[in-house]
Each structure stands twice: as structure tokens, then as C-alpha cells.
1. Set the bar at 27 Å for Cα to Cα. Now go through Lys160/Lys275; Lys242/Lys275; Lys123/Lys172 and name every pair that lies beyond it.
2. Let me see the pair-distance distribution of region 193-270: every alpha carbon pair, 10 Å bin width, integer percents in order.
3. Place the peptides 232-242, 175-185 in order of packing, highest mean first, counting for every residue the other Cβ atoms within 10 Å and averaging per peptide.
4. Cβ neighbours within 10 Å, averaged per peptide: list 22-31, 424-433 in order, most packed at the top.
5. Sort 153-165, 290-302 for me by packing, meaning the mean count of neighbouring Cβ atoms within 10 Å per residue, highest on top.
6. Leaving out ligands and nucleic acids, note down the accessible area per residue over region 219-282 with a 1.4 angstrom probe, in whole Å².
7. Once you treat every alpha carbon in region 1-104 as an equal point and sum by Debye, what is log10 I(q)/I(0) at q = 0.10, 0.14 Å⁻¹?
Amino acid sequence: MGKLNVTILRYLTAEDFRVLTAIEMGMKNHELVPGPLAASLANLQHGGVHKLLRDLCKHGLLSYERGRKYDGYRLTNMGYDYLALHSLTKREIIGSFGNQIGVGKESNIYVVANPEGEPLCLKLHRLGRICFRNVANKRDYHKHRKSASWLYLSRISATKEFAYMKALYDRKFPVPKPIDFNRHCVIMELVQGKPLCHIMELNDVEGLYDELMNLIVKLADSGVIHGDFNEFNIMIETDDEKPIIIDFPQMVSTAHENAEMFFNRDVNCIRTFFKKRFSYESELYPKFSDIERTGALDAEVLCSGFTKEMAKDLNIELGIDEDAELEGGQNEDEHKEDELEEQKERESEVQIKSESVKQKQETVDVEGKNQYSIDEIFDRIKLKNEQDFLRSESDNESNDSFERFESGSIRSTATTINPDEIKNRVKKQMSGKQKRLERKNCVAKGEASAVTRVRRENNDTIRQSKGIWGWE
């Protein structure tokens, strides 16, 4: 991932950001974006785009890679950071960039300032690190997608966190004030305090313990569970030792199938920490059965584990009438999802049929006249052998003559070659032909192959000129 160096940001032009945006747009449908496609999306001259792409690769904002079918450019984490910072700067949210103050398993934390000089907190989501790559099983970011890039997953994570933070802040929960977000960056209020894991002494240990347990219950009554409520995600203010909760992308609904497990894990994390750090243990702690639902925060932010059917039932239970339009939109979403599933099923059926047709179309040319599938040829040979054998028994004729098939285009010998041997030979011939085609199509392309071709031409020129100048 590397450290974020923003010194180059002030020297980039509008054309540079236009090219970066073009690569970002191309990565929606391409793993590697070819140079001509980047030039078309950027709407700049091809030669100028090539020079810009080369300079951006030199600064580490893009990477040029060679794929199996074609070569192209990929947006790096630093390039994605520059796009987000450029957008936030144009909105006048960020005026200056400071030091890094924290590193997590899926994010980096920096101190920034607005144009007036007030300090803010910038969180860059960094999904895809080696220590945390099992996101597909731990989070529901993929949904119906089979795969997605880490940059896109980081963007979804930042969007979810900003939505959770804004909903909690509006309900007077002790969370940082959300300000703005763009792509995978979230701008929030800078908390003047320390993480609970760095604090060794407290003036009121029992009071903080009760307040944290009440927060867990209050969140559950609103319909959500933090899912990672521990000493690393709780900030303690320096002045009055009040707790502030951070880190929300993993929040789940109380309707989740594992909601009780997440709830008990949050409670046990606080109990274990207070027992080890402050030697405080209490017999009073909340249980999942004590939850009394009073809000629908999980329906508002669409938490993991909360379905649209649950939202309808919850609206009826709470007597909410203002969500009629929301239900209509949800029905439309359900209809769209059903259409997507039906389209996927149709595509899978078409793919299966095309594969079967492709297998049937594997043919072999016999005597240059007609083409038949291998299995058809073997069946015809076997049938003809039996007919020749019966005819030889009845007429006492020799088996040396050649007979035609009913189609009049394929001839075969009845006794000399085993059909299995013919099948093996034909398969070997077809596999050899396929390998030759693959070697022919596997041609190096891109800038690296161009350099190689120039070197080979220079070597040929030098080799041919040796005789002219009398070199040995």
C-alpha cells in the first residue's frame, strides 16, 4: 500500500486528473484499461495522452501491466487517493494536509485542515491488505457480484461508514461529526482525545463501564449492533473522559441471523478489557434478550442482515405511514433484482447451450470433402465394420475392398486400424493444431514489446554490417 505522499498533488494539471478519471471510468468494465480507450474517455489527443500516462506511471499514480490478452493501465491506491483529495479540495473541504495519526487493518487516518485552518480527520479506507482479505465472508459488500476490485470495495466501505455516522450523529449518539466523503475518503470531526487502549488510569472506572454498556443497549434498541465494540474503536475525550465511538463499516442489524453472537461479543470485549486493564469486574451486564426495539435505524441505513420484507413488517409494527413511497421504491428494487436473476439464468443457459454446440462442432476433415464430428466418424466406422463382417459371412467375399458410406464422402478400412487408435491420432492432431494457433496468437504487445523489437532490429543491422567493415 505504501505511504501517501501529497507533494506531487500541487504540480498536477487538469489534463492529468482528466486522464486519471478516464482510467477510473475504464476500470468499471476492464481489469486493464488500454491506451486508446483511455485517450477516447479523456477526449484528448492520443499522443498527448500517451505522454501523460507515462508521466503518471513514473509518479506511481498508474501502473502499466501486461495481461494475458492485452496490455493496459491500472489505477493505483495513490492515484485513487489523489482523485479523492482533488475533489475534496475543489469543494473547499480540505485546505492543507497533515501527518498520519493512525493505521488500522482496513484504513489510514490523517490530520487535515479546512481552508480556515480548523483541524479535521481524514480516513482513507484501504481494503485488500494481506491481514484482512477475507472480506467476502466477513462483509456483504459483494452482494450479487462475483468479484470486485479492492478500490471499489473501499469506496463501498466509506459510503457505508458515512451513512452510519450521519444517522447516529442525528440521533445524538456520541460519534464524530461527519462532514463529507468522496470515493474512499471520509472527512469527520477531529476528536481531542486518546483511544481507550492507550489509557492506563481513569477517574471513574465504574461510571465509564456503565456508560459503555448503556451505549451497546441503546444501539441495539435502535436496531443496530456495532460488531467491533472494543478498546481500539472507543475514543476517550481528554477533558471529561466521555467515550466517542468510531469505526462503523461492520455494523449489522439486530435482525441478522448472528445478531446475538455479535451483541455478546461486544459486551464480552468491554468486560474483558476492564477486568485486565483496571481490575474491574461487574456481574451486571446486558443480554440480548433484554433488548426493546424502539427505532428503525437498520432500515434507514440498510444494515447487513436487514431485508426489505423485514422493513415492511417493522413499519407496520411501529405504525410508520410515511414510508409508502419507500415501499414502492423497494418493490421496484425487488423487481429489478428479480430481472437481474432471470437474466443471469438465461445467460447461463445460453452459455451451456453454446458450449454443447461448440463441442459438437469439433470436426475433422476427411479426404478434403466433407467434415463430420469425431464421434460420428467412429460410429459410422463401427457400423460399417459390422455390415462388412455380415456381408463377408454371407457372400464369402474378401474384406480388402473399400466400401462407401451412405453419404458417399467418407471411406474406411474394416479391419486394419482400431477405432480407438484412430480416435487417439485425431485428438493428437487437433491438440497440436490448437497449440500452434495459441503460440501464433500469443504475440507480445505494448511498450515492452516495442523496445524488444527495436533491439532485435539493431542486432540484425550490426550482424549484417560486420562483413562490410571487415569485422569477424
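1. Those over the limit are Lys160/Lys275.
2. In whole percents, the pair-distance histogram is 18, 53, 24, 5.
3. Put in order of decreasing packing, that is 175-185, 232-242.
4. Result, highest mean first: 22-31, 424-433.
5. 153-165, 290-302
6. Each residue of region 219-282 exposes 42 Å² on average to a 1.4 Å probe.
7. -0.29, -0.55
The values are calculated or read from the model by the stated rules, or taken from the named source; none is laboratory data. Owing to the predicted nature of the structure, the values given are computational and were not obtained by experimental measurement. All Cβ positions, even for glycine, are placed from backbone atoms using ideal geometry, and neighbour counts span all protein chains on display. Surface accessibility is based on the protein's heavy atoms, side chains included, excluding ligands, DNA and RNA. Shrake-Rupley method; radii C 1.70, N 1.55, O 1.52, S 1.80 Å.
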